[in-house]
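This is the structure I have questions about; it appears just below.
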Ligand SMILES: CCCCCCCC(=O)SCCNC(=O)CCNC(=O)[C@H](O)C(C)(C)COP(=O)(O)OP(=O)(O)OC[C@H]1O[C@@H](n2cnc3c(N)ncnc32)[C@H](O)[C@@H]1OP(=O)(O)O
């Protein structure tokens, strides 16, 4: 279903359907919204975004990263921004890159069984355009750990071109902190 939803969003973003198809699609979506409302559950019970075994952790609105290497202190992977993540002129939206980086930072921060942490800052430099619909490389590693603070470095590259880099602070949550 998630793969279908991802493909659907991509088609919506890249398509210009006929008027009658737009009307029919809206009606179909409304019907499904009603059905899904009846299946609503609490956050702790939901499946969406909670399947690390699936591409994109089982959520359709996250750029689908495929990790090629994971150890306790670093990760590498590939990602393709599809049409849904277009900013303009064939280039990925900067917010999509921020979304990608925050998610990867979350993954990196919790490697090696480290305790739960949240993003304190995510400082991004956009160095070159990140084209959509081509495979890009992502990498992340620990710069240092200081008490509750984990300082991480992330990179997004197209071939030899560095598209974006970020320094991220992840802060270990205190007992009882949400
Ligand atoms: C597996 C997939 C998981 C996906 C996870 C995705 C990650 C996310 O998106 S999390 C959502 C976005 N982030 C948030 O909502 C966080 C909101 N902020 C907070 O909750 C808090 O500010 C929090 C937890 C980051 C830090 O607060 P708190 O626990 O009170 O820490 P606090 O005692 O103030 O600071 C601890 C240290 O971090 C430093 N610090 C905290 N925030 C910052 C910051 N923005 N800039 C610089 N330093 C900071 C403090 O200076 C302090 O340093 P030191 O120990 O040297 O004095």
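Residues of the range 93-117 with the amide nitrogen closer than 13 Å to a label point 7 Å from the Cα of residue 126, along Cα-to-Cβ, please.
93-99
First measure r as the distance between the Cβ atoms of residue 18 and residue 93, then evaluate 1/(1 + (r/R0)^6) with R0 = 25 Å and state the FRET efficiency to the nearest 0.05.
On the way: r = 27 Å, r/R0 = 1.09.
Once rounded, the FRET efficiency stands at 0.40.
Follow-up question, since we're still on this one. Per 10 Å bin, what percent of the C-alpha pairs of the range 102-161 does each bin hold, from zero upward?
19, 49, 25, 8, 0
With everything on Cα atoms, drop me the angle between helix 19-37 and the longest principal axis of the chain, reported from 0 to 90° to the nearest 10.
60 degrees
What 222 nm value per residue comes from the helices of the chain, counting each DSSP H run with n ≥ 4 as -39,500 (n - 2.57) and dividing by all residues, nearest 500 deg cm²/dmol? Walk me through the intermediate numbers first.
On the way: 3 runs with 48 residues, N = 178.
Value at 222 nm, helices only: -9000 deg cm²/dmol.
Starting from the Cα coordinates of the chain, work out the convex hull volume and express it per residue in Å³.
132 Å³
Taking the chain as a Gaussian network, Cα atoms linked when under 10 Å apart, which of 112, 90, 140 shows the biggest mean-square fluctuation?
Checking each option, the largest mean-square fluctuation is seen for 112.
Please list 125-134, 97-106 highest first by mean number of surrounding beta-carbon atoms within 10 Å per residue.
97-106, 125-134
Right, here's the next one. Compute the normalised compactness of the range 41-88: alpha-carbon radius of gyration over 2.2 N^0.38 Å, N being the residue count.
1.39
Quick note: the coordinates plus some simple rules give every number you see, no bench work behind them. Here the structure is a predicted model, which is why all the values come from computation and not from measurement. All Cβ positions, glycine included, derive from the backbone under ideal geometry; neighbour counts span all protein chains shown.
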